[in-house]
Amino acid sequence: MSRGRLIVFEGPEGAGKTTQLGLLAAWLTSRGIDHVRVREPGGTALGDEARRLLLDTPGGLDPRAEALLFMASRAALVAAVIAPALERGTLVLADRYFLSTYAYQIAGRGLPESEVRSANALATAGVSPDLTLLFAVPAPERAARAAARGLPDRIERAGDAFHGRVERAFAMFLSPNWQAAHPEAGPVRPIDGGGDAESVFARVRAALGERWPDLAMAGAPAAPAPGRR
Ligand code: TYD
């Protein structure tokens, strides 16, 4: 059975991952390469409801309840969308996956790592990323982008100390020691998300080409079928 590939876009808020995921999706479409696009939390009826609770609940959520809601959303998305797409041999582009839980709930909220990892193993049913692109942007550029996005949600409002812990955790995920101790994360590659979107996208394509030369070679846009105008 052929298996597709799971490519995850990760990083703190305002790092540009959603823009880059959109550019990659458009690039794949222009080359006739089948793919599925997902984002967390969300993507199923349960996940969309969890997203509303996670981002909009006034007055806060207990950190354990928060972690388990993210993982309930993930379990539903893996079962209904990600695993079936991978089994069909399709490329899956994910806007966040469980490294966000490791950064926001373990490092940010301070939940115990081994318990969160076990719960995540249950949620993902062993579906690991084939490649994670981890976006980093200097703090001032990120803050300017975040400010341009309008009203912050519940997690964006969590404060500088929280977001500092999240950012340091993402940086730690790049270390070979961390990756060796967390094989479920798969390979994690840094992407410099600074500058204009086209320059960043060139870096994204270079990272993908390094991992999968066949994807980089998927050169020209699909030609129109003969006889069609
Ligand atoms: P979203 O609007 O999708 O943020 P972004 O555009 O930055 O990706 O909101 C998702 C928020 O949820 C974001 O603040 C990160 C957070 N999050 C967690 O705390 N844990 C998780 O496991 C996931 C997937 C997201």
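The values are calculated or read from the model by the stated rules, or taken from the named source; none is laboratory data. Fair warning: this is a prediction, and the values are worked out from it, not measured in the lab. For neighbour counting, all protein chains shown are included, and Cβ atoms are generated from backbone atoms with ideal geometry for every residue, glycine included. These accessible areas exclude ligands, DNA and RNA; they are computed on the full protein's heavy atoms, side chains included. Shrake-Rupley method; radii C 1.70, N 1.55, O 1.52, S 1.80 Å.
The table below lists the values:
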{"read-out": "Members of segment 54-77 found to be over 13 Å from T124 (Cα atoms) and among the hydrophobic types (A, V, I, L, M, F, W, C), listed by number", "value": "L54, L55, L61, A65, A67, L69"}
{"read-out": "Scan of segment 26-59 for residues that are open to solvent by less than 80 Å² (accessible area, probe 1.4 Å), within 14 Å of the ligand (Cβ to nearest atom) and not hydrophobic (A, V, I, L, M, F, W, C), ordered by number", "value": "E40, P41, G42, G43, T44, G47, R51, T57"}
{"read-out": "Residue satisfying condition, being modelled with pLDDT of 95 or more, within 14 Å of the ligand (Cβ to nearest atom) and either buried (at least 18 other Cβ atoms within 10 Å of the Cβ) or in a strand (DSSP E or B) (or both), within set L69, L86", "value": "L69"}
{"read-out": "Set A161, A136, A171, A85: member being hydrophobic (A, V, I, L, M, F, W, C) and either within 26 Å of T57 (Cα to Cα) or out of contact with any strand residue (DSSP E or B) (no Cβ under 8 Å at 6 or more places or on another chain) (or both)", "value": "A161"}
{"read-out": "Which listed residue, of V8, V78, is within 13 Å of the ligand (Cβ to nearest atom) and touching a residue at least 60 places away in the same chain (Cβ under 8 Å)", "value": "V8"}
{"read-out": "Breaking point among (1) at pLDDT 95 or above; (2) over 20 Å from L215 (Cα atoms); (3) within 11 Å of the ligand (Cβ to nearest atom); (4) not acidic (D, E), for L21", "value": "(2)"}
{"read-out": "Near pairs, Cβ below 7 angstrom, 6+ apart or cross-chain, from segment 36-63 (in contact (Cβ under 8 Å) with a residue 12 or more places away in the chain and farther than 17 Å from A79 by Cβ) to any residue that is part of a helix (DSSP H, G or I) and more than 14 Å from the ligand (Cβ to nearest atom)", "value": "R37/A25"}
{"read-out": "Single residue of segment 103-133 satisfying the filter (farther than 20 Å from P187 by Cβ and among the hydroxyl-bearing types (S, T, Y)) that is nearest to the chain's Cα centre (by Cα)", "value": "Y104"}
{"read-out": "Residue check, L151 of a type in the set (A, V, I, L, M, F, W, C), more than 10 Å from the ligand (Cβ to nearest atom) and touching a strand residue (DSSP E or B) at 6+ places or on another chain (Cβ under 7 Å)", "value": "no"}
{"read-out": "Subset of segment 6-49 (residues that are outside any loop (DSSP other than H, G, I, E, B) and of a type in the set (D, E))", "value": "E10, D48, E49"}
{"read-out": "Of all residues making up segment 156-201, the number that are closer than 27 Å to L28 by Cα and of a type outside the set (A, V, I, L, M, F, W, C)", "value": "12"}
{"read-out": "Criterion (modelled with pLDDT under 95 and not β-branched (V, I, T)) met by exactly one of P129, P226", "value": "P226"}
{"read-out": "Count of residues meeting criterion [more than 9 Å from the ligand (Cβ to nearest atom) and within 17 Å of L54 (Cβ to Cβ)] in segment 95-113", "value": "2"}
{"read-out": "Hey, G186 under 27 Å from G22 (Cα atoms), at pLDDT 95 or above, open to solvent by 10 Å² or more (accessible area, probe 1.4 Å) and in contact with an Asp or Glu (Cβ under 7 Å, 6 or more places away or on another chain) or not", "value": "yes"}
